[in-house]
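These notes are about the structure you will find just below.
The values are calculated or read from the model by the stated rules, or taken from the named source; none is laboratory data. Just so it is clear, the model here is predicted, and its values are computed rather than measured. Ideal geometry is used to build each Cβ from the backbone, glycine not excepted, and the neighbour counts take in all protein chains shown.
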Amino acid sequence: MNYPRSAYLHIPFCHRRCFYCDFPVVPLGDRAGTENGPGSSSVKSYLNLLHREISLAPKVASLSTVYIGGGTPSILSADQVANLLDHLRLHFGFQNGAEISFEVDPASFDTFSLEGFLDAGVNRLSLGAQSFDDKVLAQLGRRHTANDLLDACGWINQAFNERKLFSWSLDLIQNLPGQDLCSWEKQLLKALDISPPHMSIYDLSIEKGTVFEWRQNRGELSLPNEDDASDMSKMTSDKLKQAGFSRYEISNYALPGHASRHNRVYWSGSGWWGFGQGATSCPWGVRSSRPRTREKYKKWLEVQENDGLDKSLTLNNEGQLIPLDELLIFGLRRREGIDFKELVSSFNWDESQLEINLNNLKNYWANSLKEGLIKQRGYRFYLTDPHGMDLSNQILVDMLLWYESLLNSSIDQPNL
């Protein structure tokens, strides 16, 4: 039986909301960050809710990965992080060598608090750098400066070199307003000079309700055109590949042995626990999202405590299949792609249905296959790097159109 062995904990607090961010976060102001300082009562109240939710989860299997994300989790004290990890360890148990990831932002921690996080049990860090350029950081609404970032990288690298950390990741955003090939190359070279073993490179996405959406609607956001964006993505892929990184997922690059085990859980179709405001869980094949505001999350938790767990979270829901379209979407994000025959083996298709449905999918992907955006090796399909991965949205849209045609087909399609 495939029990969930991963857990995500959402810490919604941050100092300020970045101009591109639409996450469920609670800005506390630039002075927040001490256990008894501004916003501390709000943090403590939320952590109480988080502990209560963890206690409700069925105790089924020890955890192999934990990811504490946000927000800015490094607003928490080391003791608060230790209490969360101790609760998870007592409730579920940790496997030997479990990966414990923790998001940190520059200027939200120092060497003392870093040591505290490591002593609490954190063994992998994800540093939200976004840029090494002070002007760009201000444009993004970030709180830290380039010097703050360099200091943070130095502290983390020292801990990594002293083997106090298993690994760490540096996050950057490409295709930002006003960015061109030359300025992006400087960012990549600075990142490579720091030598993180893992890098996450995200394309800027303009989300509804953000400052960036408001500026874009006013014509104040000068974004790179498609050709420039494509050139920057290709440069990213080329330079990181030359430096020994493998692009193991659309947005993630790692040196050998440093791919994020937790992230691969999402993309492989395995189950996971999610705890906290706005978090999504999928322990048994059905996704369940918590409310994105504090009060609604509190009320949701009270319902779980008083009326019983949502069906998606209970053992009675075990064996529920993750929908095929979700398996395809997440599987195609990975370097190795999907083995179509293996992927649909749980859906009770006979050989005839398998071949008919596969040929129909290839018809939807005809242009992408012809243009070399997606490759086929037997029943395995994978996106090419960089072009297929950079144009993955269209490939996934075509796949979803194929999936809708299955749902509307006169051919019997069980368990979709």
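Residues in region 60-83 that are surrounded by fewer than 24 Cβ atoms within 10 Å (Cβ to Cβ) and either aliphatic (A, V, I, L, M) or part of a loop (DSSP other than H, G, I, E, B) (or both): 60, 61, 62, 63, 77, 78, 82. Checking each residue in region 1-45 for being hydrophobic (A, V, I, L, M, F, W, C) and under 30 Å from residue 283 (Cα atoms) picks out 1, 7, 9, 11, 13, 14, 21, 23, 25, 26, 43.
What do you reckon, is residue 38 in the same structural domain as residue 139 (by TED's automatic domain parsing) and in contact with a strand residue (DSSP E or B) (Cβ under 8 Å, 6 or more places away or on another chain)?
For residue 38, the condition - in the same structural domain as residue 139 (by TED's automatic domain parsing) and in contact with a strand residue (DSSP E or B) (Cβ under 8 Å, 6 or more places away or on another chain) - is not met.
For the condition over 23 Å from residue 13 (Cβ atoms) and either free of Cβ contacts under 8 Å to residues at least 40 places away in the same chain or not basic (Lys, Arg) (or both), what is the one hit in 205, 288, 312? Spell out how you get there, then give the answer.
Numbers: 205 fails: over 23 Å from residue 13 (Cβ atoms); 288 fails: over 23 Å from residue 13 (Cβ atoms).
Just one listed residue meets the conditions, 312.
Restricting attention to region 191-209, the residues that are crowded, with 19+ Cβ neighbours inside 10 Å and more than 18 Å from residue 158 (Cβ to Cβ) add up to 4. There is at least one residue in region 312-324 that is within 16 Å of residue 56 (Cα to Cα), under 24 Å from the mean Cα position of the chain (by Cα) and surrounded by 16 or more Cβ atoms within 10 Å (Cβ to Cβ). Cβ-Cβ distances below 8 Å connect no pair with a first residue in region 97-123 that is touching a residue at least 12 places away in the same chain (Cβ under 8 Å) and closer than 16 Å to residue 11 by Cα, a second residue that is in a helix (DSSP H, G or I) and of a type in the set (Lys, Arg), and a separation of six or more residues or different chains. If only residues of region 1-32 that are among the small types (Gly, Ala, Ser) and over 27 Å from residue 263 (Cβ atoms) are counted, the one that is modelled with the highest pLDDT is 29. If you go through region 1-50 and keep only what is among the small types (Gly, Ala, Ser) and assigned to a strand (DSSP E or B), you end up with 6, 7. Taken together, the residues in region 133-172 that are assigned to a loop (DSSP other than H, G, I, E, B) and either touching a helix residue (DSSP H, G or I) at 6+ places or on another chain (Cβ under 9 Å) or among the β-branched types (Val, Ile, Thr) (or both) amount to 9.
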